[in-house]
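Nothing in this text is a laboratory measurement; each read-out follows from the coordinates by a stated rule. As the structure is a prediction and not an experimental result, all values here were calculated from the model. Note that each Cβ is placed from the backbone with ideal geometry, even for glycine, and that neighbours are counted across all protein chains shown.
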Number of protein chains: 2
Amino acid sequence: MPIQTVHDTARAAEIFQALSDETRLEIIAMLESGERCVCELQDSLGAAQSRLSFHLRVLKDAGIVSDRREGRWSYYELNRETFDDAEAILKDLRPRRQRNEGRSGECCN
Amino acid sequence: MPIQTVHDTARAAEIFQALSDETRLEIIAMLESGERCVCELQDSLGAAQSRLSFHLRVLKDAGIVSDRREGRWSYYELNRETFDDAEAILKDLRPRRQRNEGRSGECCN
DNA sequence: TTGACATATCAAGATTTATTGATATATCTA
DNA sequence: TAGATATATCAATAAATCTTGATATGTCAA
């Protein structure tokens, strides 16, 4: 079904917005194979601590990752469901027909 | 295959960035069923002309739409290939294993 | 031609997002 | 306990993005 409600569109924009930054995409790539602690990400990405923390929060607010505290460490992992949502949204946005079809005669007035 | 090059990550960020705005998602939704002229989009979206033009350019620069001039009208349509790319990118980003797997022992020193 | 129309672009300001350095909060270890 | 460590948050600035109104460009029709 196509995107219909304002709510859906807002949610779609939120997810894509979270995915629209190279640093965050690198974080996601690192989490692909499983949970990682912040310090591991920091070492691999060479990003300043507060910067990394900022991007992790954007990802978390968008539901793309979730975190877990263990002692002084925080572990982050990807949320499958959100990736499912993103795929579904993208499928909705896909062009449905062949090029140039679906036009309703001439445009404008 | 997972995203590897800077180039791929930059391209992924560019596509998601273009998809990260509600107005642009609405434009895409309108183009789903085929080509539309700018004035049709304008009527349906109730967006100021220069604003619409701005968003169409963002979509075009990201390769999500292409345009065609016909007399004084411009027609825009979705580019299938870019949606294919987006789906492929999203599949690459997807978590691969079950939760909590793939960790390499304790973190940090 | 001249004027109306469709669209793009531009300049200015508003809003959002990202980066940096500083500080706060827990938790661990000596 | 005191100091070290891991992380989050905050404040200030920088940079990017969006909106608006004005102007430019090309095309059509009278």
Hits in the stretch B:14-40 (condition: under 19 Å from B:LEU90 (Cβ atoms), part of a helix (DSSP H, G or I) and more than 9 Å from DNA strand D (Cβ to nearest atom)):
B:ILE15, B:PHE16, B:LEU25, B:ILE28, B:ALA29
Checked pairs for the stretch A:65-86, first under 22 Å from B:LYS91 (Cα atoms) and among the hydrophobic types (A, V, I, L, M, F, W, C), second assigned to a loop (DSSP other than H, G, I, E, B) and within 16 Å of DNA strand C (Cβ to nearest atom), C-beta under 7 Å and 6 or more apart or across chains, list as A:LEU78/A:ILE64
I need a count of the residues in the stretch A:65-85 that are within 16 Å of DNA strand C (Cβ to nearest atom) and touching a Ser or Thr at 6+ places or on another chain (Cβ under 8 Å).
2
Is it fair to say B:ARG36 is charged (D, E, K, R), free of Cβ contacts under 8 Å to residues at least 24 places away in the same chain and farther than 18 Å from A:ALA13 by Cα?
no
Cβ-Cβ under 7 Å pairs, at least 6 apart or on other chains, the stretch B:9-22 side hydroxyl-bearing (Ser, Thr, Tyr), far side more than 8 Å from DNA strand D (Cβ to nearest atom) and assigned to a loop (DSSP other than H, G, I, E, B)
B:THR9/B:ILE3
Filtered residue count, the stretch A:41-78, keeping only those that are more than 9 Å from DNA strand D (Cβ to nearest atom), outside any helix (DSSP H, G or I) and surrounded by fewer than 18 Cβ atoms within 10 Å (Cβ to Cβ)
5
